[in-house]
Amino acid sequence: MIASIQKYLNQFFSDELDLPVSPLRFHTIGGGSINNTYQLVVKSESKYFLKVNSASKYPKLFQQEKKGLEFLNNQKILRIPSVIVCDEIDNYQILVLEWVEEGLRTERTWKKFGEQLAALHHVTNPRFGFEEDNYMGALPQQNDRYDTWVEFFVHCRLQPQIEIAKRNNLLHIKELNVFENLYWRLVNIFNDEPPALVHGDLWSGNFMCDHNSDPVLIDPAVYFGHRSMDLAMTTLFGGFDRSFYESYKHHFPMPDNYSEQWEICNLYPLLIHLNLFGPGYLQSIRQTLRKFE
């Protein structure tokens with residue numbers, strides 16, 4: 001562990017939490033694609049989750065994550081890990097969260113999560129977007145305010161990622177033309193719904209359940225958008241039980257063409273993966289675009 005961070009955290013837990021701190025213990029854990037992640041043990045029984053990253057490479061990454069976690073937590077709908085501290089030390093940024101002991105994912109877990117996500121999606125706002133920009137994974141995410149979902153989706157979700165892909169020669173003229181065709185058809189594909197509060201990065205790696213088998217969400221990329229964005233992303237890499245979808249539909253029925261909406265919504269995370277990890281994701285993008293040639 002970096003000495004300056006260790007010194008900072010020793011002082012923090014001694015002063016802010018009034019804990020008599022023996023040397024902190026740091027156990028490296030996996031699961032962080034861009035962050036260094038640790039289990040932080042204070043004394044012998046108090047555990048915390050620590051993330052460390054460069055402060056210059058991803059400016060305010062953890063500040064934005066902190067704001068997203070707290071915004072979701074303030075809704076009092078789902079369990080969200082509490083933020084203990086978020087700060088910058090030298091050229092590093094750190095985020096310390098409460099440690100969540102994982103439990104068994106039961107049918108009750110999935111049904112409860114369906115109900116809770118439906119309730120989250122009923123939290124609304126006059127306009128699409130968010131109070132400030134944040135991150136989706138390692139890439140900045142624009143959250144300018146728009147009155148309609150289609151405007152927001154095109155200008156703040158698809159076009160920024162398409163521009164990055166163009167600069168890196170990851171998309172070609174054929175795909176770019178089909179995207180232009182798609183834009184004109186979106187208004188007939190997405191039903192008119194109020195902006196919904198979405199987690200924004202809802203793949204299986206950001207879903208947990210605690211020792212009581214209650215759902216827990218981490219690593220948000222929050223904004224007010226179309227609820228199909230969250231639901232679509234649960235299908236991108238799998239990992240969500242059928243009873244979750246059944247429960248969600250019971251509490252918040254979906255339009256008849258929801259599967260078409262989900263396909264289009266997943267163009268956004270697929271473009272992000274294309275820009276982060278290369279052309280391996282291009283075939284999935286083309287597969288969706290073929291329907292709009």
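The values are calculated or read from the model by the stated rules, or taken from the named source; none is laboratory data. In this text the structure is predicted, and so the values were computed from the model without any measurement. Backbone-built Cβ (ideal geometry, glycine too); neighbour counts: all protein chains shown. The accessibility values were calculated without ligands, DNA or RNA, using every heavy atom of the protein model including side chains. Shrake-Rupley method; radii C 1.70, N 1.55, O 1.52, S 1.80 Å.
Against the test of being open to solvent by 10 Å² or more (accessible area, probe 1.4 Å) and polar (S, T, N, Q), the options ASN257, ASN206 yield a single qualifying residue, ASN257.
Count of the stretch 88-118 residues, restricted to those that are under 21 Å from SER56 (Cα atoms) and free of Cβ contacts under 8 Å to residues at least 60 places away in the same chain, is 4. Return the residue satisfying two criteria in turn: it lies in the stretch 260-293 and is within 21 Å of the chain's Cα centre (by Cα) and surrounded by fewer than 14 Cβ atoms within 10 Å (Cβ to Cβ), and of such residues it is farthest from GLY200 (Cα to Cα). Top of the filtered list is GLY278.
The residue that is nearest to TYR135 (Cα to Cα), counting only those in the stretch 31-88 that are acidic (Asp, Glu) and in a helix (DSSP H, G or I), is GLU65.
Taken over the stretch 210-230, the residue count meeting the criterion of being open to solvent by 10 Å² or more (accessible area, probe 1.4 Å), under 13 Å from the mean Cα position of the chain (by Cα) and of a type in the set (Gly, Ala, Ser) is 0. Output yes when any residue across the stretch 40-52 is within 21 Å of the chain's Cα centre (by Cα), aliphatic (A, V, I, L, M), buried (at least 16 other Cβ atoms within 10 Å of the Cβ) and more than 18 Å from PHE207 (Cα to Cα), and no when none is. Yes: the stretch 40-52 contains one or more residues that are within 21 Å of the chain's Cα centre (by Cα), aliphatic (A, V, I, L, M), buried (at least 16 other Cβ atoms within 10 Å of the Cβ) and more than 18 Å from PHE207 (Cα to Cα).
Exactly one residue among ASN188, ASN169 is surrounded by fewer than 12 Cβ atoms within 10 Å (Cβ to Cβ), more than 24 Å from PRO126 (Cα to Cα) and at pLDDT 95 or above, and that residue is ASN169.
For the stretch 90-109, taking the residues that are outside any loop (DSSP other than H, G, I, E, B) and open to solvent by 20 Å² or more (accessible area, probe 1.4 Å), the one that is nearest to ILE34 (Cα to Cα) is identified as TYR92. Inside the stretch 232-288, can you point out the residues that are without any contact (Cβ under 8 Å) to a residue 60 or more places away in the chain and either among the β-branched types (Val, Ile, Thr) or touching a strand residue (DSSP E or B) at 6+ places or on another chain (Cβ under 7 Å) (or both)? Hits for the stretch 232-288 are THR234, THR235, THR288.
For GLU115, the requirement of being surrounded by fewer than 19 Cβ atoms within 10 Å (Cβ to Cβ), of a type in the set (Asp, Glu) and within 29 Å of LEU9 (Cβ to Cβ) is not met. Can you tell me which residues in the stretch 145-162 are open to solvent by 60 Å² or more (accessible area, probe 1.4 Å) and assigned to a helix (DSSP H, G or I)? Those that are open to solvent by 60 Å² or more (accessible area, probe 1.4 Å) and assigned to a helix (DSSP H, G or I): GLU151, HIS155, GLN159.
If you go through the stretch 119-139 and pick out every residue that is within 26 Å of ASN35 (Cα to Cα), outside any strand (DSSP E or B) and touching a residue at least 24 places away in the same chain (Cβ under 8 Å), you end up with 5.
ASN191: part of a loop (DSSP other than H, G, I, E, B) and in contact with a strand residue (DSSP E or B) (Cβ under 7 Å, 6 or more places away or on another chain), yes or no? Criteria not met by ASN191.
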